[in-house]
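The values are calculated or read from the model by the stated rules, or taken from the named source; none is laboratory data. Small disclaimer: the values here were computed from a predicted structure and weren't measured. Quick reminder, even Gly has a Cβ in these numbers, built from the backbone with ideal geometry, and neighbours come from all protein chains shown. Just the protein is used for accessible areas: all its heavy atoms, side chains included, with ligands, DNA and RNA removed. Shrake-Rupley method; radii C 1.70, N 1.55, O 1.52, S 1.80 Å.
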Amino acid sequence: MTTFWLTILILGVTGLLAAVVLYAVAKKFYVYEDPRIAEVEELLPGANCGGCGFKGCHDFATACATATSLEGLNCPGAGKGGMDAIGILLGMTVTAGIRKVATLTCSGGCAKRPLVNKFSGPASCSIEASVYSGETLCAYGCLGGGDCVRACPHGAMHINPETLLPEVDSARCTGCGVCVKACPRSLMRLSEVPQSYHTVVRVACANHDRGPAAMKACEVSCIGCGKCKKACENGAISIDRFCASIDPTICNRCGACVEVCPRQTILVKQIAEFQRQ
Amino acid sequence: MSQELIISGSPHIHTRDSVDRRMWNVVIALLPALAVALWVFGLSALWITLLAVGACMATEWIIERYCFRRPCTLTNGSAIITGLLLAFNLPNILPWWMVIIGAVVAIGIGKMSFGGLGCNIWNPALVGRVFLLLSFPAAMTTWDPAVSSGLMQAVHTGASGVDAETGATLLATLKNSGHAIDMSRVDWLTLGIGDMNGSLGEVGSLAILIGLVWMLITRVITWHIPVAVLGSAALLSWATGANPGLELLAGGLMLGAVFMATDYVTSPMTHWGQIIYGVLIGVLTIIIRRWGAYPEGVSFAILLGNSVTPLINKYCRPRRFGMRKIRKEVAA
Amino acid sequence: MKTFTFRKGGIHPPQCKNTAEMPITPAPQAPLLTLLLSQSIGAPSKPVVKPGDKVAAGQPIAEPGGFVGAWVHSPCAGTVKKIETVRTPQGYPAEALTIERDPQSTEVFSYPPMNPADASSEDLVARVREAGIVGLGGATFPTSVKLTPPKGMTPRCVILNGAECEPYLTCDDRLMREHAPEIAEGAFCLMRAVGVRHCYIGIEDNKPEAIAAMREAASQYSGMEVCVLRAKYPQGGEKQLIAAILGREVPSGALPVSVGAVVDNVATAFAVQQAVVLGKPLTGRVLTITGEGALNPGNYYVELGTPLTSLLQTDERVDKIIGGGPMMGRAMSNLDTPTTKGLSGVLTMCLGSMPDIQPCIRCGACYSACPMGLEPMLLARQSENSDWEYAARSGVMDCIECGSCAYTCPSNRRLLDWIRYSKTQVRKLKS
């Protein structure tokens, strides 16, 4: 019987001591954090993509909770619905940010660009680009190693099994720009999509070679012929070193350039409504 | 030139060494010990070995094929080594289904659950063996009474105060007799050749040494781990008053030091780390044998050594060129 | 005989120096030379001639693009045709000048010859710079920059690198056998330029003829000594060479001059001698054509800008062509490219197929092979996980990219590819 009581006594005292210590430590090291930070963070995707310009979702939530106005604060991953919810939570009005979508500046899929040699090494574009110019004659195009796909924090990219080029799922793309940094050839570019449009018209080529060389390398390369520039009424197209580019802020999506392009290089991409995952 | 050019980063030449070459050389090195097992235990040894190797290969194939869905890796020989080593750690009269359970645990849990070759923390064969030892302690320590050599009888009759039952290993006899056996009755040559009872592979110490020499010649392993394990074990047993020779030859220490502790995946990378690891295993083995409940401690010692390998790797880093000391911050 | 070597790591790849007994022969002169404007480390050179200009052999045609940069000279007399974009051996676009040879013209441009014994250090360095001399071992670092040590550092000796530890290559070996007096005089010029009294010439013990020839030539100068090195890769790595000869380790991240050494290749010393004593700028170099698939193996003196297609005759089976040696050279995807200052050899290989990559078995072979005491397996893994900060702390920037780790890996893992990637990322992170 003594053993029984002794056990209860010892365990009880130990438990009591532990409780006191835990309480004291919790009191001493308590850090006050605005509870709204956690609430805002709940509304964020939690991918820490950096699309808002802050280091991670927590930093952005802190910035929102401590800000006096939500102007300039926008989480592309939360979408309009998410930002509105944050605005309601904090009692502030949300100014809509301009939506950005990543697009690939290359359309030379494997049927369009003949392979001229074979790369043997790790499946990483960055490594391949550091070794040489790639398996095709185009020293500017997509290598198809998928660094961007692996980098995407929102699962918005995949490699198309037919063309072996990466594709962006615009409904998921937040425009955070992680893929832009991952691409060793800087082929992923962010296009602004103003509210009134649901398309992006882009020159899907980054080849700066002269016409003949570019033609030899790829069926759909930009040869810098300038027909699109002449066709554009708004002057949105410029040509730099034998490669055209379209300024999406001036472009009115008329599609005149698409029709005149002899190389089918200018593509229209439908941008789907952003859906929060 | 008509071929398509291959492009890759430097270097463009490669040593003729390969994982396959190393693994198959280990298999060759294991053959003398297998031959001794066949001679001592007869066909039952062959049966256990084939069963263990077959079950290991089958488990690996099934998991690679249906769980990982990646190309089969059986040709690199690592599953065969695991199977052989597992069989070498079993008594020859173990029921067949226990051998299969051991093989499935060794490959399935010991190796594949971590991601396959190169990812495991513990030596797969020992995981299987220890699993069997803890699950079926009786079966794993029941030795074939038919195996009874002159050496065993000599030792048994010499062991005072011990029931001279046949079918016990030398180490168990030693432990039961409180290390009080008549050393003059021990025939060292018979002991070295391995004409005694025990697990399949552990009896033939000389055959294991031949395997060690083969692995050293083919540069599959370096001397550091076996020498550290055997040296430290001999030294500690001598210091505690036992006969070092008997400790080295009588149990699984030789097998463990040469084939199991030297497993690449679970041993440290640098030579200094390997020496520390070896000494740890040697010392732990003798401590378990001396003061633990088991007559044999090599398996546990090696598994414990495996467990601290990442720690050893962290602190025994190579000295960087142009650095006076290994910088502390790097280790952090 | 005392042989020197470095202590840590290293490997012994098969030598394959099949062309060692073939004397240096001049390569056929091409009618059209293409001179890349970026033949050295640093900013690309800027052309100083226009298309249509007549140039003499040896006339400077492009000036350095910055302090770290080099002059480019025309190897032949002729006419500048155009400045155009060509492809490098790796397929990337690069600016180049093309010169059409004029077989009738014998016009030669040269600098006034100097006597190294009484020329000042500044004059010698200036001459090395205006002659467009860069490290001919393959690194193509401008030699004049190397000869101008940063403030506060005093060089104590010049080390001439004749190790040629790369398998297959024999150009330095042949140069030492055939032009030992010139190399020794070049070494003397370098000693005068740096202002030191000692010069060590490191040669691996697999080149006994070169050692004998250099010994004889070096005996003409006081303070010049031939050090026999044990054949081991990467004996010719700058830091390994210094460790072998001086017994001192260049601290991590520091220049070799911090332990008092200025290291130059023997081919560079030869070029320096030509520039100083004869006034000839760097317009050509010796290169080795070798490998299983080369139909015309040998050591050739080629004019810079000679197209590779006119130099190289290959077998049907060739499936890999490397500029440089097999350990550190770069695979070429484009043969329609000119020779450059940094090209020490063209190696043709018939691989057939590449062995499979297997999982790392943590055998530690790369640890033992690394001459810099790094942990290649760990660095590669950090790179695969994009953990650049950890990689930087683990010393990835100390890697000399010798390739010993990837050579020795039994699993055939592409360790160096990942480590090289990690280095570029860490460099990006720092800037």
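Worth a mention:
- Selection status of C:A217, in a helix (DSSP H, G or I) and under 23 Å from C:Q15 (Cα atoms): no
- Considering residues of the range C:311-334 that are among the hydrophobic types (A, V, I, L, M, F, W, C) and at the interface with chain B (Cβ under 7 Å from one of its Cβ atoms) only, the residue farthest from the chain's Cα centre (by Cα): C:V318
- Positions within the range C:236-263 being in a helix (DSSP H, G or I) and within 16 Å of the chain's Cα centre (by Cα), in sequence order: C:E238, C:K239, C:Q240, C:L241
- Within the range C:342-401, the only residue that satisfies the criterion of being within 23 Å of A:C125 (Cβ to Cβ), without any contact (Cβ under 8 Å) to a residue 24 or more places away in the chain and aromatic (F, W, Y) is C:Y390.
- Hits in the range A:128-157 - residues which are of a type in the set (V, I, T) and more than 21 Å from the chain's Cα centre (by Cα): A:V131, A:T136
- Qualifying residue in the range C:271-279 (condition: assigned to a loop (DSSP other than H, G, I, E, B), more than 18 Å from the chain's Cα centre (by Cα), more than 10 Å from chain B (Cβ to nearest Cβ) and more than 24 Å from C:R177 (Cβ to Cβ)): yes
- In the range C:28-54, residue surrounded by the fewest Cβ atoms within 10 Å (Cβ to Cβ) [restricted to those that are assigned to a strand (DSSP E or B) and in contact (Cβ under 8 Å) with a residue 24 or more places away in the chain]: C:K54
- Selection from the range C:193-214 of residues that are part of a helix (DSSP H, G or I), open to solvent by 10 Å² or more (accessible area, probe 1.4 Å) and under 15 Å from C:T268 (Cα atoms): C:V194
- Just one residue in the set A:G72, A:G91, A:G109 is farther than 28 Å from C:S383 by Cβ, open to solvent by less than 10 Å² (accessible area, probe 1.4 Å) and more than 14 Å from chain C (Cβ to nearest Cβ); that residue is A:G109.
- For C:I61, the conditions (1) open to solvent by 20 Å² or more (accessible area, probe 1.4 Å); (2) assigned to a strand (DSSP E or B) are fulfilled apart from (1).
- Filter result (of a type in the set (G, A, S) and either more than 24 Å from B:W223 (Cβ to Cβ) or more than 7 Å from chain B (Cβ to nearest Cβ) (or both)) within the range C:355-370: C:A365, C:S368, C:A369
- When residues in the range C:83-120 are screened for being open to solvent by 50 Å² or more (accessible area, probe 1.4 Å) and polar (S, T, N, Q), 5 of them pass.
- Within the range B:1-54, considering residues that are under 30 Å from C:C350 (Cα atoms) and small (G, A, S), the one most open to solvent (accessible area, probe 1.4 Å): B:S2
- Residue match in the range C:258-268 (condition: touching a Leu at 6+ places or on another chain (Cβ under 9 Å), within 12 Å of another protein chain (Cβ to nearest Cβ) and on the phi > 0 side of the Ramachandran plot): no
Residue-by-condition table, conditions (1) of a type outside the set (A, V, I, L, M, F, W, C); (2) over 21 Å from C:C171 (Cβ atoms); (3) more than 14 Å from chain B (Cβ to nearest Cβ):
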position: C:P26; (1), (2), (3): yes, no, yes
position: C:L32; (1), (2), (3): no, yes, yes
position: C:V48; (1), (2), (3): no, yes, yes
position: C:E63; (1), (2), (3): yes, yes, yes
position: C:W71; (1), (2), (3): no, yes, yes
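- When residues of the range B:130-163 are limited to those that are open to solvent by 50 Å² or more (accessible area, probe 1.4 Å) and among the aliphatic types (A, V, I, L, M), the one modelled with the lowest pLDDT: B:A146
- Taken together, the residues in the range C:371-412 that are hydrophobic (A, V, I, L, M, F, W, C) and within 7 Å of chain B (Cβ to nearest Cβ) amount to 3.
- The range A:25-46, subset touching a residue at least 24 places away in the same chain (Cβ under 8 Å) and surrounded by fewer than 19 Cβ atoms within 10 Å (Cβ to Cβ), residue nearest to A:G79 (Cα to Cα): A:E39
- Which numbered condition A:P114 misses (of (1) farther than 30 Å from A:V131 by Cα; (2) more than 21 Å from the chain's Cα centre (by Cα)): (1)
- Of the listed requirements (1) assigned to a loop (DSSP other than H, G, I, E, B); (2) within 14 Å of another protein chain (Cβ to nearest Cβ), A:V220 misses just one: (2).
- Selection within the range A:120-141 - more than 24 Å from B:H12 (Cα to Cα) and either open to solvent by less than 20 Å² (accessible area, probe 1.4 Å) or in contact with a Ser or Thr (Cβ under 7 Å, 6 or more places away or on another chain) (or both): A:C138, A:G141
- Just one of the numbered conditions (1) at the interface with chain C (Cβ under 9 Å from one of its Cβ atoms); (2) under 11 Å from A:P184 (Cα atoms) is not true of A:E135: (2).
- Close pairs from the range A:54-65: first among the aliphatic types (A, V, I, L, M), partner not in a helix (DSSP H, G or I), Cβ under 7 Å, at least 6 apart: A:A61/A:L44; A:A63/A:F54; A:A63/A:L73; A:A65/A:D34
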